[in-house]
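Read the structure below first, then the notes.
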Amino acid sequence: MNGMIFVLGLLIIVIVFVIIVIGIYNGLVALRNRVKNSWSQIDVQLKRRHDLIPNLVETAKGFMKHENETFVAVTEARSKAMNAGNSGSVKDIGAAEADLSGSLAKLLLTVENYPELKANQNFLALQEELTSTENKIAFSRQAYNDDVMMLNNKVEMFPSSIIAGMFNFEKADFFEIEDKAEKLAPKVSFN
């Protein structure tokens with residue numbers, strides 16, 4: 001009778017252990033999928049941004065005949081940002097997008113010298129779309145980094161770190177801006 005109670009107790013402990021392991025594993029899978037989904041949301045907004053830029057540049061070109069260097073810089077930065085997505089590296093994409101943001105800021109600062117462009121309805125509509133997209137990118141980056149933090153915490157914290165190690169769950173990279181100058185908000189005024 002005592003042997004049967006011991007076996008039953010051991011069986012209950014094993015079942016509880018298995019349920020805990022399954023719960024931790026499923027939690028890690030859910031967090032990994034949230035990170036992937038968050039990255040997809042950033043990717044959607046970056047694609048939208050990349051699609052808006054040629055229209056903005058073409059509209060501005062009609063008014064800004066002497067700003068070819070600025071247009072080339074924006075076009076090259078856009079191309080690099082689009083190609084950075086092929087690497088799959090969050091750091092590479094972040095660096096390329098930071099360069100693109102800098103080029104766009106320079107373009108928008110140059111617009112100051114062209115009052116007729118600032119009054120153009122097409123340009124204003126494109127600028128508003130770009131501003132809206134930039135806000136969506138910022139929100140998506142924040143959501144992504146929040147999800148990365150939750151996943152990384154689970155991967156590093158006990159006891160989930162044991163399960164994460166057994167099933168090869170890895171920490172994800174945060175979407176960060178490496179260049180300190182890029183962290184400063186550009187000063188753009190359309191007055």
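Observations on the structure shown:
- Within the range 15-53, the set of residues being charged (D, E, K, R) and either touching a residue at least 24 places away in the same chain (Cβ under 8 Å) or touching a strand residue (DSSP E or B) at 6+ places or on another chain (Cβ under 6 Å) (or both) comprises Arg32, Arg34, Asp43, Arg48, Arg49.
- Which listed residue is assigned to a helix (DSSP H, G or I), aliphatic (A, V, I, L, M), touching a Phe, Trp or Tyr at 6+ places or on another chain (Cβ under 8 Å) and at pLDDT 90 or above, from Val35, Val21: Val35
Yes/no per residue for (1) at pLDDT 85 or above; (2) closer than 19 Å to Arg48 by Cα; (3) not in a helix (DSSP H, G or I):
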| position | (1), (2), (3) |
| --- | --- |
| Ile93 | yes, yes, no |
| Glu97 | yes, yes, no |
| Glu129 | yes, yes, no |
| Ala138 | yes, yes, no |
| Asn145 | yes, no, no |
| Asn152 | yes, no, no |
| Glu182 | no, no, no |
| Asn191 | no, no, yes |
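- Filter result for Asn68 (in contact (Cβ under 8 Å) with a residue 40 or more places away in the chain and more than 30 Å from Glu170 (Cβ to Cβ)): no
- Tally of residues being under 14 Å from Leu108 (Cα atoms) and not in a helix (DSSP H, G or I) across the range 64-88: 2
- Listed by first and then second residue, the pairs with beta-carbon distance under 7 Å, at least 6 apart or on different chains, first residue in the range 116-141 and of a type in the set (A, V, I, L, M), second surrounded by 14 or more Cβ atoms within 10 Å (Cβ to Cβ) and not in a helix (DSSP H, G or I), are Leu117/Phe63; Leu117/Met64.
The values are calculated or read from the model by the stated rules, or taken from the named source; none is laboratory data. Everything quoted here is computed from the prediction, not taken from an experiment. Note: ideal-geometry Cβ built from the backbone for every residue, glycine included; neighbour counts use all protein chains shown.
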